[in-house]
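Values quoted throughout were computed directly from the atomic coordinates according to the rules given, and no laboratory measurement underlies them. Keep in mind that this is a model prediction, so the values were computed, not measured. In this analysis, Cβ positions are derived from the backbone assuming ideal geometry, glycine residues included, and neighbour counts consider all displayed protein chains.
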Amino acid sequence: MSKNLVVELKKVNKIFVSDTGLAFQALKDIDFELKRGEFIAIVGPSGSGKSTMMNILGLLDQPTTGTYQLDSVDVSRMSENHLAEIRNKKIGFVFQNFNLLNRTSALANVELPLLYAGVSPPERHRRAVLALTQVSLADKFSSKPNQLSGGQQQRVAIARALVTNPDILLADEPTGNLDTKTGAEIIGLFKDLHRLGKTVILITHSPEIARVAGRVVRLKDGSISNR
């Protein structure tokens, strides 16, 4: 694996088996590489395999067959505990639904991954302040999610993803719950983070949003499509 590659999937297949024994192949022989510092979009209609690929890339699931190397380490068959440890260090997630704790301040929401990682309270505070400042929310440290607009909530979620300084930012439909103007602002923020050196994977059903990325990977019926 090249030193410049952060992700490499080889012949990855994912098969789900229902309670009745019926098998469904969600991903079919996926070959995929991601270079450090790239901004890519994975695009496709509902049912194309985007969510399954995101779950595998984010170490939330494992391939049925094939290999996944993350930073030259094969993570395809690791234990759940080992995967969680690597995931918390190397991948920052941003979801469509924000996934914030409603009764907790923006600052405490951003500190949460560092709390799980055992970082000291003063260092958690320092890093959360920096992350919120980076997403232009220096005046919202004490605000709770219900006191913030949708766009501001997504910025808190992005700050939370950034606070561990992950190798990869993985964003799953990050504008799905936002109006067009606010969505464009959030995509602009991802572009800014990419310019600062972050590696970004954007999952979207929208070809228009995908065009902001440097490279677009199209999924169709579980396979990477060249069309």
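Hey, fewest Cβ within 10 Å first, where do 68, 116 land in order?
116, 68
What does the charge dipole of region 1-109 about its Cα centre add up to, to the nearest 20 debye, if the Cβ of each Lys and Arg holds +1 and the Cβ of each Asp and Glu holds -1?
Approximately 220 debye in magnitude.
For region 5-225, what's the relative contact order in percent, using C-alpha pairs closer than 8 Å and at least 6 residues apart?
30
With Kirkwood's inverse mean 1/r over C-alpha pairs for Rh, give me the Rg to Rh ratio of region 1-114, two decimals please. Present the calculation step by step, with values, prior to reporting the outcome.
Working: Rg = 15.9 Å, Rh = 15.9 Å.
Reported Rg/Rh (Cα atoms, Kirkwood Rh): 1.00.
Under unit Cβ charges (Lys, Arg +1; Asp, Glu -1), what dipole magnitude, rounded to 20 debye, does the chain have relative to its Cα centre?
400
Counting other C-beta atoms within 10 Å, and keeping those with at most 13, which DSSP coil trypsin sites (Lys or Arg not before Pro) do you find in region 66-163?
Passing sites in region 66-163 are 77, 103.
Which residue fluctuates the most in the chain, going by a Gaussian network model with Cα springs under 10 Å, if the choices are 121, 207, 45?
Highest fluctuation among the options: 121.
Given charges of +1 on the Cβ of Lys and Arg and -1 on the Cβ of Asp and Glu, with all other atoms neutral, how large is the dipole of region 97-189 about its Cα centre, in debye to the nearest 20? Kindly include the intermediate steps, with their values, before the conclusion.
Details: 9 positive and 8 negative charges, 68 e Å.
Its charge dipole is roughly 320 debye.
Between residue 211 and residue 147, what's the calculated FRET efficiency when r is the beta-carbon distance and R0 is 35 Å? Round to 0.05.
Using R0 = 35 Å, I get an efficiency of 0.55.
Measuring from label point to label point, each 7 Å out along Cα→Cβ, what is the residue 165 to residue 5 span in nm?
It is 2.7 nm.
Give me the one-decimal nm value for the distance between modelled label points at residue 65 and residue 221, 7 Å along each residue's Cα-to-Cβ direction.
Computed distance between label sites residue 65 and residue 221 equals 1.9 nm.
How do 53, 78 line up, fewest other C-beta atoms within 10 Å first?
78, 53
Given 0.36 nm per residue, what is the gain on full extension from residue 46 to residue 126 after removing their alpha carbon distance, in nm?
24.8 nm
Under 10 Å, Cα contacts only: if you run a Gaussian network model on the chain, which one of 101, 169, 114 comes out with the highest mean-square fluctuation?
Its mean-square fluctuation being the largest, the pick is 101.
If you bin every alpha carbon distance in the chain into 5 Å steps from zero, what whole percent lands in each bin?
Histogram of Cα-Cα distances, whole percents per bin: 1, 7, 14, 18, 19, 16, 12, 8, 4, 1, 0.
Report the relative contact order of region 97-222, percent, no decimals, based on alpha-carbon pairs under 8 angstrom and at least 6 residues apart. Don't skip to the answer; put the middle values down first.
Working: 140 pairs, mean separation 30.5, N = 126.
For region 97-222, the relative contact order is 24 percent.
Using helices alone, what [θ] at 222 nm do you get for the chain, with -39,500 (n - 2.57) per DSSP H run of 4 or more residues, divided over all residues and rounded to the nearest 500?
-10500 deg cm²/dmol, from helical runs alone.
Can you list the residues of region 49-80 with backbone N under 14 Å from a point 7 Å past the Cα of residue 15, pointing along Cα to Cβ?
Residues 63-66 fall inside that zone.
Using Cα-only point scatterers and the Debye equation, what is log10 of I(q)/I(0) for region 121-227 at each q in 0.10, 0.20, 0.22 Å⁻¹, rounded to two decimals?
-0.32, -1.09, -1.26
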